[in-house]
Amino acid sequence: GVDGSVMLLETQKTPIYDKRGRCIGVFGLSRDITELKKAQQNLEHIAHHDVLTGLPNRLSLNKKLEYALNMARRGGELLAVIFLDLDRFKDINDTIGHDIGDLLLKDVAHRLHNNVRDSDICARLGGDEFVVVLSRIDGEERIQEKCDQLLQVISRPYSLQGHLLSVFASAGISIYPQHGNSVDELIRNADAALHKAKELGRNRSFHYQRELTDSIHSRMSLEQDLRSALESHSFILNYQPQFRVGEAMPRRVEALLRWPHPVRGLISPHDFIPLAETSGMIVELGYWVLRSACQQFLFWRQQGLILDKISVNVSPIQINSSFASTVADILQYLDFDPRWLELEVTESLMMSGTTEVSQQISELRAMGVDFAIDDFGTGYSSLSKIKSMPVTVLKIDQSFVRDINDDINDYEIARAIVLMAKSLGLIVVAEGVENKEQEGTLHRLGCEWVQGYYYAMPMDGEAFYQRYFAELQ
Ligand code: C2E
Ligand code: MG
Ligand code: MG
């Protein structure tokens, strides 16, 4: 730089030819990517550590647990995953402030860390959630003993800046091999057991039991119900608006699927999308969603409610060899301008880089369909690849927005994502904005688009029309 500092430049060179095609020079264009590179490196670091406590974070836990699990498998040993969560931490935070809340979390982390062996794992998943993994266990009864000891250690009083505090924790336990055979399964089951422990009255632990999660039997019947729902078109779509910060009229909207089940009530997409994926039904369901969302968008237009874009979530399983052509057929049939459509896909799909997927995506892009990466930041291990991804929008995952004002990790990640996205000319949409403070922070970071309960809950097409058409009058 002019001040003598070292800058990192990205340079593009193009040869210049004269009329006869001889090369007479080179045209060079450089841009300063120092900040960008810093943000990237910063993010890679944050990606594996929890800044507040210094403990490994979720990403790092997954890797370490995977390794420990392999060792246990090879040695025919037990392994225990203990999921811990402080009781009523939110109340503490709200009543005595986030600064003390942070100090408390640090102390808890310290106590946990000091009470496990070096060969064990102690990680913080975020908020007040911690995971301890015990390996090379001599005797199953040791697991309960250790867990009780950890709960007891946490329950000793804390002295923080003149406040004397006591806090309790609850724990859920899952054990390899009886409660799971993979990282995901063990963590999920320990989490289910933790919920049970809380239900039973906190400050206690609970061992995973199969009844806590869906039995095979109920999964089978749910799959049958899903199939008949698909045949009878008994799904509905809700719509959630996206705004430019400060504007009252939305410019974009996201379609969200709902399944009103005759017996179980409204089932969340989190609970039935995975089932639709493993059973293959997501392909047909996905086309139904696309068709219905586009129809709704056209209907609004006819009635005078004009929006720039509608975005539709797409599961990786949907992107098969006929995806692009089927989407094209649907749009053509409806006489829907492809530029009004945005497809939300996951980060891992974009990272996968299979030729099939890129082929389908580029066909759609050529037609004018845009792509957004949903839940961005939850798998950012190769953030540097974003540059080569054919997308126009990044949606910051709501898990970073939730505690953006309280958790330095979340703040830093959001900051780096916005910086990165802007330098690449992408639109950033923050998901799950629930209050003014979050909006303020996001806006200061340079995020211009927002979506969340603070502005509107997802609602049906008619309610959406009523609300925003009135806004136009
Ligand atoms: P997503 O695409 O990230 O959608 C955002 C989710 O956050 C929605 O949950 C929405 O209702 C919720 N949300 C919006 N604002 C707030 C807020 O301020 N606070 C909180 N806590 N949550 C907020 P929903 O509708 O339950 O959908 C869950 C996920 O299911 C979606 O996450 C998406 O991944 C998937 N999904 C939904 N519809 C479809 C679909 O048609 N096809 C596919 N493949 N997946 C879908
Ligand atoms: Mg989405
Ligand atoms: Mg999302």
Practice prompt. Rounded to the nearest 0.05, what FRET efficiency do Thr355 and Ala328 give with R0 = 25 Å and r taken as the Cβ-Cβ distance? Could you check?
Written response: 0.80
Fill in: Placed amide H near Phe336: partners under 5 Å, 5+ positions off or other chain
none
Worksheet entry | Derived scalar couplings ³J(HN,Hα) [region 270-286; Karplus, 6.51 cos²θ - 1.76 cosθ + 1.60; whole Hz; x for Gly, Pro] | 4, 8, 10, 4, x, 5, 5, 6, 5, 8, x, 5, 4, 4, 5, 4, x
Fill in: Residue-level accessible surface for Leu165, protein heavy atoms, 1.4 Å, Å²
30
Worksheet, complete the sentence: Note: probe point = Cα of His163 + 7 Å toward Cβ; backbone nitrogen < 14 Å; residues of region 96-138 passing the test are 96-108
Worksheet item: For Arg444 and Arg156 in one chain, what is 0.36 nm times their gap in residues minus the Cα-Cα distance, to one decimal in nm?
Response: 99.7 nm
Worksheet item: Counting Lys and Arg as +1 and Asp and Glu as -1, what is the net charge of the other residues whose Cβ lies under 12 Å from the Cβ of Thr53?
Response: -3
Discussion item. Placing one identical point scatterer on every Cα of the chain and ignoring solvent, what is log10 I(q)/I(0) from the Debye formula at q = 0.09, 0.10, 0.13 Å⁻¹?
Written reply: -0.75, -0.92, -1.38
Worksheet entry | Cross-link partners of Lys198 among lysines (Cα-Cα below 25 Å; sequence separation of 8 or more within a chain) | Lys90, Lys106, Lys146
Fill in: Whether region 49-208 is rounded, prolate or oblate, judged on the alpha carbon gyration tensor where a/c under 1.5 counts as rounded
prolate
Worksheet, complete the sentence: Per the C-alpha gyration tensor (a ≥ b ≥ c, the square roots of its eigenvalues), region 229-472 is rounded if a/c is under 1.5, else prolate if a/b beats b/c, else oblate; here it's rounded
Worksheet entry | DSSP-defined beta bridges in region 215-351 - what % are antiparallel, rounded to 5 | 55
Worksheet item: Residue farthest toward the positive end of the dipole of the chain, with Cβ of Lys/Arg at +1 and Asp/Glu at -1: which of Gly28, Ala248, Ile267?
Response: Gly28
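If the chain between Val263 and Asn238 were fully stretched, how many nm would it gain, using 0.36 nm times the residue separation less the Cα-Cα distance?
On the way: separation 25, 0.36 × 25 = 9.00 nm, distance 2.04 nm.
Difference between extended and current length: 7.0 nm.
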Fill in: Projected label distance in nm at Ser182 and Glu66, using a 7 Å step from Cα toward the beta-carbon
1.2
Worksheet item: Each residue of region 102-111 in order: what ³J(HN,Hα) in whole Hz does its phi give by Karplus 6.51 cos²θ - 1.76 cosθ + 1.60, θ = phi - 60°, with x for Gly and Pro?
Response: 5, 4, 4, 4, 4, 5, 4, 4, 4, 5
Response to the item:
For the chain, the longest principal axis of the Cα atoms and the Cα long axis of helix 461-472 enclose an angle in degrees, to the nearest 10, of 60
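Expressed as a rounded percentage, what relative contact order does the chain have, with Cα pairs under 8 Å and six or more residues apart?
Details: 751 pairs, mean separation 56.1, N = 473.
Relative contact order here is 12 percent.
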Worksheet, complete the sentence: Projecting the Cα atoms of Gly304, Ser321, Trp340 onto the charge dipole of the chain, where Lys and Arg contribute +1 and Asp and Glu -1 at Cβ, the residue farthest towards the positive end is Ser321
Item to complete: For Met7, Met249, give the ranking by accessible area with the largest first, probe 1.4 Å.
Response: Met7, Met249
Discussion item. Using helices alone, I'd like the mean residue ellipticity at 222 nm for the chain: each DSSP H run of four-plus residues gives -39500 (n - 2.57), total over residue count, nearest 500.
Written reply: -14000 deg cm²/dmol
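Let me have the relative contact order for region 120-260, percent, based on Cα pairs under 8 Å that are six or more residues apart. Intermediate results must be reported in sequence, preceding the final value.
Details: 169 pairs, mean separation 18.5, N = 141.
After rounding, I find 13 percent.
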Worksheet item: Each label point is 7 Å from the Cα along the Cα-to-Cβ direction; what then is the distance between the points at Arg74 and Tyr17, in nm?
Response: 5.8
Response to the item:
Heavy-atom accessible area of Phe27, protein chains in place, probe 1.4 angstrom, given in Å² to nearest 10, is 110
Discussion item. Using the Karplus curve 6.51 cos²θ - 1.76 cosθ + 1.60 with θ = phi - 60°, what ³J(HN,Hα) values do you get for each residue of region 55-62, in whole Hz, with x for Gly and Pro?
Written reply: 6, x, 9, 4, 4, 5, 4, 4
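Between Arg136 and Ser348, what FRET efficiency comes out of the Förster formula 1/(1 + (r/R0)^6) with R0 = 35 Å and r the beta carbon distance, rounded to 0.05? Don't jump to the answer; show the numbers that get you there.
Numbers: r = 32 Å, r/R0 = 0.93.
Given R0 = 35 Å and the Cβ-Cβ separation, E is 0.60.
Under the classification rounded if a/c is under 1.5, otherwise prolate if a/b is larger than b/c and oblate if not, where does region 367-473 fall, given a ≥ b ≥ c as square roots of the Cα gyration tensor eigenvalues?
Values: a/c = 2.20, a/b = 1.33, b/c = 1.65.
Note, shape of region 367-473 comes out oblate.
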Fill in: Within the chain, percent of DSSP bridges classed antiparallel, to nearest 5
65
Worksheet item: Over region 1-68, what relative contact order in percent results from Cα pairs under 8 Å that are six or more residues apart?
Response: 22
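The values are calculated or read from the model by the stated rules, or taken from the named source; none is laboratory data. For clarity, every value in this text was computed on a predicted model and none was experimentally measured. All Cβ positions, glycine included, derive from the backbone under ideal geometry; neighbour counts span all protein chains shown. For accessibility, only protein heavy atoms count, side chains too; no ligands or nucleic acids. Shrake-Rupley method; radii C 1.70, N 1.55, O 1.52, S 1.80 Å.
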